[in-house]
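Q: Take a look at this one; I'll ask things after.
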Amino acid sequence: MTTEIRMQFDFDTGGLVETPDVIRDRDCTIDTPVKYGGPVESIYGQNVEIMPKIKGRTVTEHDRAHYMEKLLPLETYTKIIVLFSSGKDSLASLLHLLELGVPKEKIELWHHIIDRGSDKKMDHKVTIPYTEAVSKAFGIPLKYSWREGGFWSEVYRRGSTAPVRFEDEEGIQTVEPKAWHRSEELKEMMQQAELEDNLDLLEKCRKELDAIGYRMKFPAKGADLSTRYCSAYLKIMVGSTVIAHSASTKRNCKLLIISGERRGESNNRSRYNEIEKHGMNAEIKNNRTVHVWRSVIDWSLRDVWEKIRRFRINPNPVYAVGFNRCSCAGCLFNQPSHWLAVKELYGSGKDDIFQQFVDAEKELEFTLDHHVDLPTYVRDATSFVDRSNQRALEQVMNGEFRPDEVFVPEGQTWQFPSGAFRGSEGGPC
Ligand code: SF4
């Protein structure tokens, strides 16, 4: 089966480039024909080199530096790592790997936690329980990684970014950025200077601290990762740090990273290459091969749900209560209706994510939206929360999900969750 190609104006180069004719999430429905989500044959162990469905682009410098024509046969990799957010796309990627015959012992799920080490919340409560339940139900190891303090420590950052922590075979590891110690030292000196009313020292330390790093603002809504820093600092850089420092990945290995982006989610993603070298590929220096496979990149929403339906998996219950995507509950791309759903589900006490953003906007004097504050942004919207699935509602609100709930029991019908075909509005990350 081939994918059609059409020409599109490219904002990176100012020229026309080939762009695959993908089914946009916003146009995909329950009736969209299944193209890629159907059964596939096992190829593991048969020396099959996987080619991208669409030949990789070589338009940007990044494209050219990371270009690969094809993957190695799957059995060649020492470890296959699924970046498992707990959402539908990473779940479909995992199921696809299993269907291709990859043994479970070869797979690891890596999940980046977005709010660990902070009193304020950012993740859906059910994300960790669901991720753990999938890991247990399939018998596939799960490893967590996070930047200490998560999203909120980056938003309120003065000085160095926080250390990265991760689990590996030897326990929990910590990687401190170069400027971390000096940054902490300066903060202590500032406290002391304040006690002693030493304004000169206070000012000197503050200047040095702010020269190391200063945010005190939300990430920008946009594709540029230097300003939409949450994706870069909490996910991409965390993953790279784990690869560079974990005992089993730092050298002498061949890693395949499976990432669940799809072209149909956004214009930006429509230009990604299916196969490429990862930024941590270091074959000469460390004898470490790191390849990326966006195995579901050309799949439609319908394809993704079909794979999950065929395996009879209950997806993350946030979809059943109406969310169309599952990433940070307080994602900066949230539409007004997402925010109202977050408010309705978590709007009390220490987990009140909506109120935490409202308070932070006032404290930082910086709004999440480019034009208006959050209460104004959501003013005329209505929440999409669907309360018809009582168990899903409990799972989401209480943050609970058992391994025995991963598969739909025999005799029960698998149903599309209420958020299944609401497009990619409010995302992607
Ligand atoms: S899901 Fe949203 S808030 Fe979270 S890291 Fe991605 S872009 Fe940032």
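Q: Where a ≥ b ≥ c are the square roots of the eigenvalues of the C-alpha gyration tensor, would you call the range 327-379 rounded, which needs a/c under 1.5, or, failing that, prolate if a/b is larger than b/c, or oblate?
A: Details: a/c = 1.71, a/b = 1.24, b/c = 1.38.
Since a/c reaches 1.5 but b/c is at least a/b, the shape of the range 327-379 is classed as oblate.
Q: Oh, and also: Identify all aspartates and glutamates with a Cα-Cα distance to Lys53 below 16 Å; exclude those on the same chain that are fewer than 8 residues away in sequence.
A: Excluding near neighbours in sequence, the set is Glu4, Glu18, Asp21, Glu69, Glu261, Glu274, Glu276, Asp298, Asp303.
Q: Quick one: order His112, His62 by neighbouring beta-carbon count within 10 Å, fewest to most. Don't jump to the answer; show the numbers that get you there.
A: Working: His112 23, His62 14.
Ranking His112, His62 by Cβ neighbours within 10 Å, fewest first, gives His62, His112.
Q: Grab the DSSP H runs of the chain that are 4 residues or longer, score each as -39,500 (n - 2.57), total them, divide by all residues and round the 222 nm result to the nearest 500 deg cm²/dmol.
A: Here the helix-only value at 222 nm equals -8500 deg cm²/dmol.
Q: Among DSSP beta bridges whose residues both lie in the chain, state the antiparallel percentage, nearest 5.
A: The answer is about 50 percent antiparallel.
Q: Output the 0 to 90 degree angle, nearest 10, between the alpha-carbon long axis of helix 353-364 and the longest principal axis computed from the alpha carbons of the chain.
A: Roughly 40 degrees, rounded to the nearest 10.
Q: Amide H to amide H, which residues 5 or more places from Lys143 or on other chains are under 5 Å from it, using H placed in the peptide plane?
A: The answer is Leu109, Trp110, His111.
Q: Express in whole angstrom the spacing between the alpha-carbon centres of the range 355-429 and the range 154-169.
A: 26 Å
Q: Rounding to the nearest 10 and keeping the result within 0 to 90°, find how far the Cα-based axis of helix 88-99 lies from the longest principal axis of the chain.
A: Around 40 degrees separate the two axes.
Q: Continuing with the same structure: Please identify, among Val378, Val164, Val242, the residue showing maximal mean-square fluctuation in a Gaussian network model of the chain using a 10 angstrom Cα cutoff.
A: Val378
Q: Does anyone have the angle between helix 199-212 and the longest principal axis of the chain? Alpha-carbon axes, 0 to 90°, nearest 10?
A: Relative to the chain, helix 199-212 is tipped by roughly 20 degrees.
Q: Top mean-square fluctuation among Val34, Val296, Val385, Gaussian network model of the chain, C-alpha springs under 10 Å?
A: Most flexible of the set in this elastic network: Val34.
Q: Counting other Cβ atoms within 10 Å, which GluC sites (Glu not before Pro) in the range 38-106 have at most 12 and lie in a DSSP loop? Spell out each step's value before the answer.
A: Details: sites: Glu41, Glu49, Glu61, Glu69, Glu75, Glu99, Glu105; in loops: Glu41, Glu49, Glu69.
The qualifying sites are Glu41, Glu49, Glu69.
Q: Give me the percent relative contact order of the range 14-154, please, defined on Cα pairs under 8 angstrom at least 6 residues apart. Walk me through the numbers before you get to the answer.
A: Details: 153 pairs, mean separation 28.8, N = 141.
Reported as a whole number, the value is 20 percent.
Q: Also, I was wondering about something else. For the range 348-410, state which chymotrypsin sites (Phe, Trp or Tyr not before Pro) are in a DSSP loop and have at most 14 other beta carbons lying within 10 Å of their beta carbon. The partial results should precede the final answer.
A: Working: sites: Phe354, Phe357, Phe366, Tyr377, Phe384, Phe401, Phe407; in loops: Phe366, Phe384, Phe401.
Counting only loop positions with at most 14 other Cβ atoms within 10 Å, the chymotrypsin sites (Phe, Trp or Tyr not before Pro) in the range 348-410 are Phe366.
Q: With θ set to phi - 60°, apply the Karplus curve 6.51 cos²θ - 1.76 cosθ + 1.60 along the range 253-259 and write out the HN-Hα couplings as whole Hz, x wherever there is a Gly or Pro.
A: 8, 10, 10, 10, 9, 9, 10
Q: Let me check against my output: what whole-number percent is the relative contact order of the range 324-429, with C-alpha pairs under 8 Å and at least 6 apart?
A: Across the range 324-429, relative contact order equals 42 percent.
Q: Which net charge results when you count Lys and Arg as +1 and Asp and Glu as -1 among the other residues whose beta-carbon is under 10 Å from that of Arg325? The partial results should precede the final answer.
A: Values: positive: Lys88, Arg422; negative: Asp25, Asp89, Glu265, Glu425.
Summing Lys and Arg as +1 and Asp and Glu as -1 gives -2.
Q: Another question about this same structure. With the radius of gyration and the Kirkwood radius both derived from the Cα set of the chain, what is their ratio Rg to Rh? Don't skip to the answer; put the middle values down first.
A: Working: Rg = 22.3 Å, Rh = 23.0 Å.
Radius of gyration relative to Kirkwood radius: 0.97.
Q: Please report the net charge: other residues with Cβ closer than 10 Å to the Cβ of Asp123, K and R +1, D and E -1. List each step's numbers first, then the result.
A: Numbers: positive: Arg116, Lys121, Lys125; negative: Asp115.
With Lys, Arg at +1 and Asp, Glu at -1, the net is +2.
Q: Could you give the dipole magnitude of the chain about its Cα centre, charging the beta-carbon of Lys and Arg +1 and that of Asp and Glu -1, in debye to the nearest 20? Provide the component values of the computation, followed by the final result.
A: On the way: 59 positive and 65 negative charges, 193 e Å.
Its charge dipole is roughly 920 debye.
Q: Continuing with the same structure: Which of Gly171, Gly411, Gly139 ends up with the largest GNM mean-square fluctuation for the chain, with Cα atoms connected below 10 Å?
A: Gly411
Q: Same structure again: For Cα pairs less than 8 Å apart in space and 6+ apart in sequence, what is the mean separation divided by the residue count of the range 170-273, i.e. the relative contact order in percent? List each step's numbers first, then the result.
A: Numbers: 49 pairs, mean separation 17.2, N = 104.
Relative contact order for the range 170-273 comes out at 17 percent.
Q: Within 10 Å of each residue's Cβ, count the other Cβ atoms and sort Leu332, Leu94, Leu195, Leu100 from fewest upward. Before the final figure, lay out each step's value.
A: Details: Leu332 19, Leu94 25, Leu195 8, Leu100 16.
Arranged by neighbour count, lowest to highest, Leu332, Leu94, Leu195, Leu100 become Leu195, Leu100, Leu332, Leu94.
Q: Which pairs break 18 Å Cα to Cα here: Lys79/Lys104; Lys35/Lys136; Lys70/Lys277; Lys178/Lys254?
A: Working: Lys79/Lys104 10 Å; Lys35/Lys136 30 Å; Lys70/Lys277 10 Å; Lys178/Lys254 28 Å.
Violating the 18 Å limit, Cα to Cα: Lys35/Lys136; Lys178/Lys254.
Q: With θ taken as phi - 60° and the coefficients 6.51, -1.76 and 1.60, list the Karplus ³J(HN,Hα) couplings across the range 408-419 in order, rounded to whole Hz; mark glycine and proline as x.
A: 5, x, 3, x, 9, 8, 6, 10, 4, x, 4, x
Q: Could you list which residues have their amide H under 5 Å from that of Val290, counting only those 5 or more apart in sequence or on another chain, with H placed in the peptide plane?
A: Result for Val290 returns Leu255, His278, Asn281, Ala282.
The numbers here are math on the coordinates, done by the rules we state, and not lab data. No experiment lies behind these values; they were computed from the predicted model shown. Backbone-built Cβ (ideal geometry, glycine too); neighbour counts: all protein chains shown.
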